[in-house]
1. Looking at (1) surrounded by fewer than 22 Cβ atoms within 10 Å (Cβ to Cβ); (2) within 8 Å of chain A (Cβ to nearest Cβ); (3) within 17 Å of B:H157 (Cβ to Cβ), which one does B:W11 not meet, given that it meets all the others?
2. Looking only at the stretch B:295-317, decide whether some residue is within 18 Å of B:N354 (Cα to Cα), surrounded by 17 or more Cβ atoms within 10 Å (Cβ to Cβ) and either in the same structural domain as B:D351 (by TED's automatic domain parsing) or modelled with pLDDT of 85 or more (or both).
3. Of all residues being free of Cβ contacts under 8 Å to residues at least 40 places away in the same chain and either within 7 Å of chain B (Cβ to nearest Cβ) or under 15 Å from the mean Cα position of the chain (by Cα) (or both) in the stretch A:146-160, which is surrounded by the most Cβ atoms within 10 Å (Cβ to Cβ)? Just the residue, please.
4. Looking at B:T385, B:T399, can you tell me which residue is surrounded by 10 or more Cβ atoms within 10 Å (Cβ to Cβ), β-branched (V, I, T) and free of Cβ contacts under 8 Å to residues at least 40 places away in the same chain?
5. Quick one: A:A79 ticks every box in (1) open to solvent by 20 Å² or more (accessible area, probe 1.4 Å); (2) free of Cβ contacts under 8 Å to residues at least 12 places away in the same chain except a single one, so which number is it?
6. Could you count how many residues in the stretch A:1-26 are in a helix (DSSP H, G or I), at pLDDT below 90 and open to solvent by less than 70 Å² (accessible area, probe 1.4 Å)?
7. Given (1) of a type in the set (A, V, I, L, M, F, W, C); (2) within 12 Å of chain A (Cβ to nearest Cβ); (3) within 30 Å of B:S172 (Cα to Cα), identify the lone condition not met by B:L133.
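The values are calculated or read from the model by the stated rules, or taken from the named source; none is laboratory data. These figures come from a predicted structure and were not determined experimentally. Here Cβ is always computed from backbone atoms with ideal geometry, including for glycine, and neighbour counts include all displayed protein chains. The accessibility values were calculated without ligands, DNA or RNA, using every heavy atom of the protein model including side chains. Shrake-Rupley method; radii C 1.70, N 1.55, O 1.52, S 1.80 Å.
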Amino acid sequence: MTAISSRGWRRYPLVERVGYHLARVRAWGRRATVAGLAVRVVIWLTGLGGLLLALPGSLRGPALPLAVFLALLPAVAPASAWVALLELAAIGTVALTLVDESRQVLVPVLLAVAALLYAHHTSAALGAQLRTDTVVPLAVFRHWLARAGLVLAGSALLGLGIVVLAGQPRAGADTGYLALGAAATAVAAIAVGALVHRSGGPAGAD
Amino acid sequence: MTVTPASGRGWLPTRALHRAAGVGGLALLAAAALGQWELVLLAGPFLLGPAVSLAVRPARQPEATLTLEASTSVEGGPVRARVSVPADPQPPLLCVVSAQVPRWVRLRYGVGYYATLVRPPVTTAVRLAGTALRWGSYRLGPATVRSVASDGLLVAHHEVLPSVPLTVYPVSEPFDSEEALPRASGISGIHRSRRLGPGGDLADVRPFQPGDRLRRINWRVTRRTGDLHVNATQSDRDAQVVLLLDVRHEAGASGGIHGRASVLDRTVRAAAAITEHYAQQGDRVALVEFGSRLRRLPAGTGRKHYLSALEWLVEVDRLPTGFGPGGGLLSRGLTAASALTIVLTPLLDQDSANLLAMLARTGRSLVAVDTLPGQAHPRVRNEWTAAGHRLWQLERTNTIGRLRGVGVPVEPWQGAGSLDVVLRHVYRLAATSRVLSR
């Protein structure tokens with residue numbers, strides 16, 4: 001199959017162009033594996049679920065088509081910035097809903113959003129390393145699932161503890177809390193950086 | 001064959017790590033800024049996950065090896081390779097292998113991309129299992145191994161494993177000729193010679209002469225005639241067969257072992273079958289290729305020679321600007337005068353017909369095997385193609401008829417016993433010419 005380059009685009013009739021792309025899609029369909037596609041489907045479903053759950057109940061219906069489209073972008077390109085954008089959009093939506101005193105967000109819903117967004121993140125991390133035509137054994141998925149489950153369980157316990165210790169949410173920002181939050185973020189960033197660059201640094205080291 | 005590459009380098013953070021840190025940190029900041037500590041629930045997994053994964057990061061990336069279980073196979077036979085990743089005492093790794101596979105090797109699973117989980121203490125192997133579809137000399141690989149650690153947060157540099165050679169022998173199409181060769185000339189073999197000598201077949205009963213062995217005395221005739229008589233037998237001789245491979249032109253599409261056959265396919269498979277038949281029955285078989293180069297496999301016999309011929313055949317290649325058939329074949333002594341010469345040719349140009357006519361004029365025992373597949377047709381098609389193709393076919397049929405007229409039997413290759421009729425014809429022709437020469 002001869003590739004139709006962007007320069008020679010106009011030289012080919014529409015029918016030939018459509019046929020060319022159909023042939024490419026068919027070839028991709030023949031090559032794709034169930035496991036490779038399953039990872040992309042999981043990315044799409046978790047992204048869609050996270051976005052919809054983050055929205056207030058009254059907005060879920062109208063926002064569904066947009067959410068479906070937005071969730072498709074990270075599924076198609078799991079190594080792109082669309083993954084982070086979708087997760088930030090979901091977290092931002094939850095934050096706005098929490099700030100709005102007329103709406104109430106239940107903790108189980110927050111836990112579900114957290115679980116879906118983390119599953120979205122980790123499945124995108126896996127999808128970024130696998131082509132859709134990669135043969136993947138079940139052991140990979142089992143290991144990935146078990147680790148994600150442990151992380152979610154641990155972080156849920158930790159988060160619930162922090163929420164209980166911090167007491168009831170306050171309306172508006174507080175300088176002390178802001179400083180505490182900034183310090184916690186800095187500590188987390190330093191910890192992650194230290195873990196990455198320990199033992200003489202990751203890149204170039206044996 | 002095993003190839004071990006040089007040691008890999010270190011680990012690089014992926015976009016997933018940056019994303020986890022960014023999303024988690026922003027969620028934490030938002031929680032503090034807005035005073036909504038429930039947002040910590042969202043930030044938690046993004047910060048705890050990388051922390052857990054990076055805490056048990058492997059010290060170095062594993063060194064993989066690409067191994068071919070058998071460097072030779074046969075058309076339709078299995079091809080098995082493996083990429084082995086040693087299990088050092090380190091946390092589990094995800095290894096993604098991408099291997100370049102020759103066009104004529106069909107993998108059983110996937111298209112060359114495989115993922116595997118490397119977990120100590122067992123060495124993990126990614127198996128590349130497939131089927132060789134066409135004869136030839138290939139290289140399997142190179143393969144690229146990418147190690148992913150800490151659940152997709154760190155990735156190692158690509159490790160490139162050099163390719164390994166793979167030889168696929170042509171399958172021998174069944175060929176079983178029962179016809180004797182016209183000019184048996186060796187000192188041992190299975191063909192009956194016209195010359196009398198020690199052998200199995202009774203030729204005559206003659207009076208005893210000094211030097212005759214006692215066990216050859218025919219007691220029944222001796223008793224009846226009263227004089228000593230002995231059995232005279234025909235000696236068993238071997239013969240030399242020279243296969244001339246005309247591979248200057250390729251026609252027809254090759255579909256592998258289960259598909260259509262091109263000129264090269266038919267030539268190589270027929271040569272393999274004829275060589276197997278004659279070499280294993282004790283005759284000496286030599287092969288000469290004229291195409292991209294003038295190559296020759298000296299005459300030999302037996303199974304070892306057959307295997308050498310297979311090795312020689314997989315190197316057959318086509319190049320139209322190579323050596324053409326001509327007098328060089330005779331002047332270089334590539335075809336012995338006493339040998340049965342079998343020319344495998346598609347008869348696509350006049351040079352091939354001229355070669356056959358020239359060999360026939362020298363009095364050699366000659367058989368031409370037509371290797372042009374029936375499905376071969378011109379690539380470019382327009383309104384004149386059908387008429388032009390028909391004209392060309394008529395001209396080719398005419399050439400074949402003229403060759404038959406000068407005593408060159410031309411027979412299309414059809415596998416089992418397809419040359420028997422022609423060999424019988426050649427045998428009688430040789431006998432007649434000998435009688436006439438007396």
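1. So B:W11 meets the others, but not (1).
2. Of the stretch B:295-317, the ones within 18 Å of B:N354 (Cα to Cα) are none.
No: the stretch B:295-317 contains no residue that is within 18 Å of B:N354 (Cα to Cα), surrounded by 17 or more Cβ atoms within 10 Å (Cβ to Cβ) and either in the same structural domain as B:D351 (by TED's automatic domain parsing) or modelled with pLDDT of 85 or more (or both).
3. Quick first cut of the stretch A:146-160, residues free of Cβ contacts under 8 Å to residues at least 40 places away in the same chain only: A:146-154, A:157-158.
Next, only the ones that are either within 7 Å of chain B (Cβ to nearest Cβ) or under 15 Å from the mean Cα position of the chain (by Cα) (or both) stay: A:147-148, A:151-152, A:154, A:158.
Numbers: A:R147: 16, A:A148: 20, A:V151: 24, A:L152: 21, A:G154: 16, A:L158: 16.
Per the stated criteria, the residue is A:V151.
4. On the way: B:T399 fails: free of Cβ contacts under 8 Å to residues at least 40 places away in the same chain.
Only one candidate qualifies: B:T385.
5. Only one criterion is unmet by A:A79, namely (2).
6. So the count comes out to 3.
7. (2)
For (1) of a type outside the set (A, V, I, L, M, F, W, C); (2) assigned by TED's automatic domain parsing to the domain that holds B:H18; (3) free of Cβ contacts under 8 Å to residues at least 60 places away in the same chain; (4) in contact with a Cys (Cβ under 7 Å, 6 or more places away or on another chain), each residue gets a yes or a no:
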residue: B:P91; (1), (2), (3), (4): yes, yes, yes, no
residue: B:A99; (1), (2), (3), (4): no, yes, yes, no
residue: B:G110; (1), (2), (3), (4): yes, yes, yes, no
residue: B:D151; (1), (2), (3), (4): yes, yes, no, no
